[in-house]
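The values are calculated or read from the model by the stated rules, or taken from the named source; none is laboratory data. Since we're looking at a predicted model, the values are computed, not measured. We place every Cβ from the backbone using ideal geometry, glycine too, and count neighbours over all the protein chains shown. The area values use the complete protein model at the heavy-atom level, side chains included, leaving out ligands, DNA and RNA. Shrake-Rupley method; radii C 1.70, N 1.55, O 1.52, S 1.80 Å.
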Amino acid sequence: MAKSNYLPKKIYKTLVNYAPRVCVDLVITNGKKFLLGKRKINPAKKHWFFIGGRILKDETIEKTLKRKLEEELGIKSNLLYSKFLGTEDFFFRVGKNKTHDVNIVFLVKIKEKEFKNFDKEQHSELAWFNKINPNWHPYIKKMLKIAGFK
């Protein structure tokens, strides 16, 4: 994706304070396991979270899904299957700053089990899980339940 589609940081920070972001989140699965990344940046810093991010100007939802797979996991759309799970508001507060994301969530089945080239600016680590941790953010638990996990 061309860098021209990204907002300059100053404008982006201002917009986030006044308007929701539209994002794509991916419930990535391989067999009976799902993948989460431990976030290094806000929102949700230090929390286990889905791979995903905002939709860029002139980018379709499908292109965003593929871009996030490549940017955050280093894989080129090796999808076995994707299915729309729902749309969910996500609110997060960090100090005085709060964000509002409107997340379009997809179940994504992939073949990969390891990600050597994952985005280390976004995540400190990636891990496969087979059950929901009761301490995770309610949004994560809700979407995983919709995807069929317990």
Tally, over the stretch 1-42, of residues that are more than 15 Å from the chain's Cα centre (by Cα) and either over 22 Å from Lys109 (Cβ atoms) or in a strand (DSSP E or B) (or both): 22
The one condition in (1) assigned to a helix (DSSP H, G or I); (2) of a type in the set (Val, Ile, Thr); (3) over 12 Å from Ile51 (Cα atoms) that Thr64 fails to fulfil: (3)
Gly52 being on the phi > 0 side of the Ramachandran plot, part of a strand (DSSP E or B) and either open to solvent by 20 Å² or more (accessible area, probe 1.4 Å) or modelled with pLDDT of 90 or more (or both): yes
Test for Lys40: is it closer than 22 Å to Gly86 by Cα and open to solvent by 70 Å² or more (accessible area, probe 1.4 Å): no
So Lys83, is it open to solvent by 60 Å² or more (accessible area, probe 1.4 Å), of a type in the set (D, E, K, R) and either part of a strand (DSSP E or B) or in contact with a strand residue (DSSP E or B) (Cβ under 6 Å, 6 or more places away or on another chain) (or both): yes
Qualifying residues in the stretch 101-150 (those that are among the basic types (Lys, Arg) and either part of a strand (DSSP E or B) or free of Cβ contacts under 8 Å to residues at least 40 places away in the same chain (or both)) - the one surrounded by the fewest Cβ atoms within 10 Å (Cβ to Cβ): Lys150
Meets criteria (open to solvent by 20 Å² or more (accessible area, probe 1.4 Å), more than 13 Å from the chain's Cα centre (by Cα) and more than 18 Å from Lys113 (Cα to Cα)) for Lys57: yes
